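Enquirer: Here it is: the structure, laid out below.
The values are calculated or read from the model by the stated rules, or taken from the named source; none is laboratory data. Quick caveat, the model's predicted, so the values are computed rather than measured. A quick note on method: Cβ atoms are made from the backbone with ideal geometry, for glycine too, and the neighbour counts reach across all protein chains shown. Keep in mind that these areas ignore ligands, DNA and RNA; they rest on the heavy atoms of the full protein, side chains included. Shrake-Rupley method; radii C 1.70, N 1.55, O 1.52, S 1.80 Å.
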Amino acid sequence: MTASTSDLPGADPILAGAVRPDTTSTEERAAQRERLRLLLRSKVFVVGALIVLVWVVCAIFGNAIAPNDPFATDPLKDLTSPNGTYPFGTDRVGRDVLSRVIVGARDILIVAPIATILATVFGTALGLVTGYFRGAVDNMLSRFIDAFLALPTVIIGLLAIVSLGPSRWTVILVIALVFAPIIARTVRAAVLQEREMEYVSAAQLRNERTTYILFAEILPNVMGPVMVEFTVRLGYAIFTVATLSFLGFGIQPPAPDWGLQVFEHYGLISGGYWWPVLFPALAIATLVIGVNMMADGIAKAFER
Amino acid sequence: MKRFIATRILLSIVTLLILSILVFVASQVLPGNVARNILGPLADQASVDELNSQLGTDRSLVVQYWDWVTGLLTGDMGTSAIQQRSVFDIIGDSVVNSAKLALLAFLIVVPLAILGGVYAALKEGTLRDRTISLGGLSATAVPDFVWAVLLIVIFPLGLGIFKPTATAPPGSNVFEQVYYLILPAICLVFVLFGYIARMARAGTLEALDADYTRTAIIKGLPQRTVVRQHVLRNSLLPTIAVVATQIGYMIGGLVVIELIFNYNGLGKALFEAAQRKDIPVLQTGVLLVGVVYLVATLAADILYSVLNPRVRLGSES
């Protein structure tokens, strides 16, 4: 159902034209409009965007929407199963799970995008440098990247927790560190193609500064892959934030963070108390899927 | 070919060296005073100094790093001061458990995903193809612990079958162990199916499009024979790489799944080591995870270059 959008007649030449520097700005704007039109026609993108929008609304207006105080404990009503008053039940200290799920959208929607932006900026710079210079710089950086990628993210998180201590910033740093090399690889591949183009040799002949060539000449032409990487990584970042806060690395109690809620209650699940675990877990799943659907739509719109 | 393999091995060794330094810096240098971390802020300085000299953590960092690496190379992993056990025992047991879970998951997911991917490729563009491809990718996108929670809610809680913990009672036979391990293994199937199926699908499409396939069809061979003899064999090559890269994640990366199912694998052991600041276990265990990944990807690369269909089948036909 997504394939149809990129197969539209006439879409390809416009998209291809937009990424060459010789195109005029009007053409570029037309291409951007075209891309937006493609995005809005993609059902996958729109559904994904709607899911994400729901959680963004929860993140911004959570306190107003939540039916109960997400922090109010009630020892007499702990672990009440879902019912009319508490549609998602209550947790082990009697807090309303529904309200905590709604308000819990905020933390993850702040931490994950910040981490992804950092990773994208750093990774793009790294990819530009390694792709443009190749040779020794590239080789050395590639070995570091390989060493980093040999470890699962969670394990790097474990190391970071020991060396830096648990905090939101540790989570952001871990994600930025892990994702930057992956983004760098994609960008590097795109730069390797771009550096053979004539506009690059022209700039070199004009004796432009290297930073100018990298960021003013090449960067605009690899923005497509960068955009796609950003949205794809955002999905993984949400996944990773949830995992790291599950492990107690990031946001600390009594915050209504989703991963933390799963962590606080997973031990009770075999006793039949599934609701304080299932609902935050589903919240994470829907947000990740929503972002991935958006990423899918964006990738298709940028496809040449 | 020999040159490629030699370079590849050399690069892996360099990567491993860098990895060991990164791990050492992260686990030894950044946390600061080791004995102080173990004893806490209230311990007096004399006992902190004593423990540091006992642990050897009062020596220079270069000496400590050298000691650690040469120890590993001679098979000496040291002892965990906190658990009072040799690191080899702690890690060894958990690696065996991780390997059991990984093996079971691979035994289920690899044939299933290859079948799915090849089938999707043969039915390219149909609804069935899209269901397999999109379904697989969506299943992969969902975090592993969400699958764990869902499976526990559905099976042991809802239907009363399988176990919410993966650790079988001691002395259980293979079948009992599999019964306990089946739910975490299914979680991994959900996580991995999409990756492997996608690679198998892409490999099959490429093989279907290749000259040798066209030749086989023109020769008049029946479709089943073409698929079995020419397409299938070559479509499996790219899947080797995916399986190899996932082994590193299966051995050590399953922290959350092992915690939820209370299974004593390497991931859980590393998590507990990090919580207790049990540095010897943590640094050696983490390095081991990296070694598993590097060896697996190296083996896959070499296997791939040896089996490369363009070299091998090209000369055959």
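Enquirer: In chain B, with Lys and Arg counted as +1 and Asp and Glu as -1 at Cβ, which of these residues, B:LEU205, B:PHE145, B:GLY253, has the Cα nearest the positive end of the dipole, that is, farthest along it?
Expert: Checking the options against the dipole of chain B, the answer is B:LEU205.
Enquirer: Taking a ≥ b ≥ c as the square roots of the eigenvalues of the Cα gyration tensor of region A:143-189, is the shape rounded (a/c under 1.5), prolate (a/b larger than b/c) or oblate?
Expert: Working: a/c = 3.19, a/b = 1.84, b/c = 1.73.
Here region A:143-189 falls in the prolate category.
Enquirer: Can you pull the Kirkwood radius for the protein assembly as shown, inverse mean 1/r over Cα pairs, to one decimal in Å? The partial results should precede the final answer.
Expert: Working: mean 1/r = 0.0375 Å⁻¹.
Taking the inverse mean of 1/r over all distinct Cα pairs, the protein assembly as shown comes out at 26.7 Å.
Enquirer: Name the residue farthest towards the positive end of the dipole of the protein assembly as shown from the options B:VAL48, B:SER20, B:LEU183, assuming +1 on Cβ of Lys and Arg, -1 on Cβ of Asp and Glu, about the Cα centre.
Expert: Farthest towards the positive pole: B:LEU183.
Enquirer: For the protein assembly as shown, what is the charge dipole size about the Cα centre, in debye to the nearest 20, if Lys and Arg each add +1 at the Cβ and Asp and Glu each add -1 at the Cβ?
Expert: 1480 debye
Enquirer: Let me ask something additional. Relative contact order for chain A: what percent, with Cα pairs under 8 Å and sequence separation of 6 or more? Walk me through the intermediate numbers first.
Expert: Numbers: 457 pairs, mean separation 80.5, N = 304.
It comes to 26 percent, rounded to a whole number.
Enquirer: Can you find, among B:ASN264, B:VAL226, B:VAL243, the residue farthest towards the positive end of the dipole of region B:91-279? Put +1 on the C-beta of Lys and Arg, -1 on that of Asp and Glu.
Expert: Looking along the dipole axis, the top candidate is B:VAL226.
Enquirer: Can you tell me which of A:LEU126, A:LEU205, A:LEU109 moves the most in a GNM of chain A? Springs connect C-alpha atoms under 10 Å apart.
Expert: Among A:LEU126, A:LEU205, A:LEU109, the largest mean-square fluctuation in the Gaussian network model of chain A belongs to A:LEU205.
Enquirer: Now for a different question. Sorting A:HIS265, B:HIS230 by accessible area (1.4 Å probe), largest first, what list results?
Expert: B:HIS230, A:HIS265
Enquirer: For region B:91-279, what size does the Cα cloud have along each of its three principal axes, sorted from largest down, in whole Å?
Expert: Principal extents (largest minus smallest coordinate, Cα): 64, 39, 31 Å.
Enquirer: Could you check which residue among B:SER20, B:SER94, B:SER86 shows the biggest mean-square fluctuation in a GNM of chain B with a 10 Å Cα cutoff?
Expert: Checking each option, the largest mean-square fluctuation is seen for B:SER86.
Enquirer: Need the list of lysines near B:LYS163 for cross-linking: C-alpha distance under 23 angstrom, and skip anything on the same chain fewer than eight residues off.
Expert: The reachable lysines, counting only those whose Cα sits under 23 Å from B:LYS163, are B:LYS100, B:LYS268.
Enquirer: Could you check how much of the accessible area of region A:99-233 is carbon and sulfur, as a whole percent, using a 1.4 Å probe? Write out the running numbers ahead of the final one.
Expert: Values: 3720 of 5580 Å².
For region A:99-233, the apolar C and S fraction of the accessible surface comes to 67 percent.
Enquirer: Could you tell me the calculated FRET efficiency between A:ALA72 and B:VAL96, based on Cβ-Cβ distance and R0 = 41 angstrom, to the nearest 0.05? Could the numbers behind the result be given before it?
Expert: Details: r = 47 Å, r/R0 = 1.14.
The value I calculate is 0.30.
Enquirer: Quantify how strongly other chains surround peptide B:11-24 by giving the mean number of their Cβ atoms within 10 Å of each of its Cβ atoms.
Expert: 4
Enquirer: Next up: Select from region B:134-150 all residues whose loss of accessible area on going from the chain by itself to the full protein assembly reaches 30 Å² or more (probe 1.4 Å).
Expert: B:LEU134, B:ALA141, B:VAL142, B:PRO143, B:PHE145, B:VAL146, B:VAL149, B:LEU150
Enquirer: Take every Cα pair under 8 Å in region B:91-279 that's 6+ residues apart, average their separations, divide by the length, and report that relative contact order as a whole percent.
Expert: Numbers: 246 pairs, mean separation 61.8, N = 189.
Here the relative contact order equals 33 percent.
Enquirer: Rounded to the nearest 0.05, what FRET efficiency do B:LEU307 and A:ASN139 give with R0 = 30 Å and r taken as the Cβ-Cβ distance? Could you check? Working shown, then result.
Expert: Numbers: r = 27 Å, r/R0 = 0.91.
For R0 = 30 Å, the calculated efficiency reads 0.65.
Enquirer: How shielded is A:269-278 by partner chains, expressed as the average number of their Cβ atoms within 10 Å of its Cβ atoms?
Expert: Values: counts 8, 9, 2, 4, 1, 7, 1, 0, 8, 6.
Going residue by residue through A:269-278 and averaging, the value is 5.
Enquirer: Please report, in debye to the nearest 20, how large the charge dipole of chain A is about its Cα centre when each Lys and Arg carries +1 at its beta carbon and each Asp and Glu carries -1 there.
Expert: Numbers: 23 positive and 24 negative charges, 20 e Å.
Here chain A has a charge dipole of around 100 debye.
Enquirer: Could you check which residue among B:GLY248, B:GLY160, B:GLY265 shows the biggest mean-square fluctuation in a GNM of chain B with a 10 Å Cα cutoff?
Expert: Answer for the Gaussian network model of chain B: B:GLY160.
Enquirer: Once every DSSP H run of n ≥ 4 in chain B is given -39500 (n - 2.57) and the sum is divided by its residues, what mean residue ellipticity at 222 nm do you get, rounded to the nearest 500 deg cm²/dmol? Intermediate values should be presented prior to the final figure.
Expert: On the way: 16 runs with 232 residues, N = 317.
Estimated from H runs of four or more residues: -24000 deg cm²/dmol.
Enquirer: Explain nothing, just the number: dipole magnitude of chain B about its Cα centre with +1 on each Lys and Arg Cβ and -1 on each Asp and Glu Cβ, in debye rounded to the nearest 20.
Expert: Working: 23 positive and 20 negative charges, 304 e Å.
That gives a dipole near 1460 debye.
Enquirer: Still on this structure: Which lysines, if any, have their Cα less than 24 Å from the Cα of A:LYS300, not counting same-chain residues under 8 positions apart?
Expert: Filter leaves A:LYS43, B:LYS123.
Enquirer: Largest first, what is the accessible-area ranking of B:ARG201, B:ARG228, B:ARG3 with a 1.4 Å probe? Could you put the intermediate results ahead of the total?
Expert: On the way: B:ARG201 60, B:ARG228 150, B:ARG3 195 Å².
Sorted by accessible area, descending: B:ARG3, B:ARG228, B:ARG201.
Enquirer: Over what distance in Å are the Cα centres of region A:66-109 and region A:173-227 separated?
Expert: If we compute the Cα centre of each part, the gap is 48 Å.
Enquirer: Evaluate 2.2 N^0.38 Å with N set to the residue count of chain A, then give the Cα radius of gyration divided by it.
Expert: Values: Rg = 22.7 Å, N = 304, 2.2 N^0.38 = 19.3 Å.
Cα-based Rg divided by the globular estimate yields 1.17.
Enquirer: A follow-up question, please. Specify the inter-centroid distance of region B:118-191 and region B:224-241, based on alpha-carbon positions, in whole Å.
Expert: 26 Å
Enquirer: How many Cβ atoms of partner chains, on average, are near each residue of B:269-275 if near means within 10 Å of its Cβ?
Expert: Working: counts 0, 4, 7, 0, 2, 9, 5.
Going residue by residue through B:269-275 and averaging, the value is 4.
Enquirer: For region B:91-279, what is the accessible area per residue in Å² when the probe is 1.4 Å? Please list the in-between numbers first.
Expert: Numbers: 8240 Å² over 189 residues.
With the other protein chains kept in place, region B:91-279 gives 44 Å² per residue.
Enquirer: May I pose another question? Quick one: Debye curve from the alpha-carbon atoms of chain B only, equal weights, vacuum; give me log10 I(q)/I(0) at q = 0.06, 0.09, 0.10, 0.16 Å⁻¹ to two decimals.
Expert: -0.29, -0.61, -0.73, -1.28
Enquirer: Take the alpha-carbon centre of region A:245-304, take the same for region B:54-86, and report the distance between them in whole Å.
Expert: Value for the Cα centre distance between the two parts: 38 Å.
Enquirer: With the contact rule set at Cα under 8 Å and sequence spacing of 6 or more, what percent relative contact order holds for region B:116-182? Before the final figure, lay out the partial values.
Expert: Numbers: 33 pairs, mean separation 11.9, N = 67.
Reported as a whole number, the value is 18 percent.
Enquirer: Okay, next question. What share of all Cα pairs of region B:15-124, in percent, falls into each consecutive 5 Å distance bin?
Expert: 2, 9, 12, 16, 15, 11, 8, 7, 6, 5, 4, 3, 2, 1, 0
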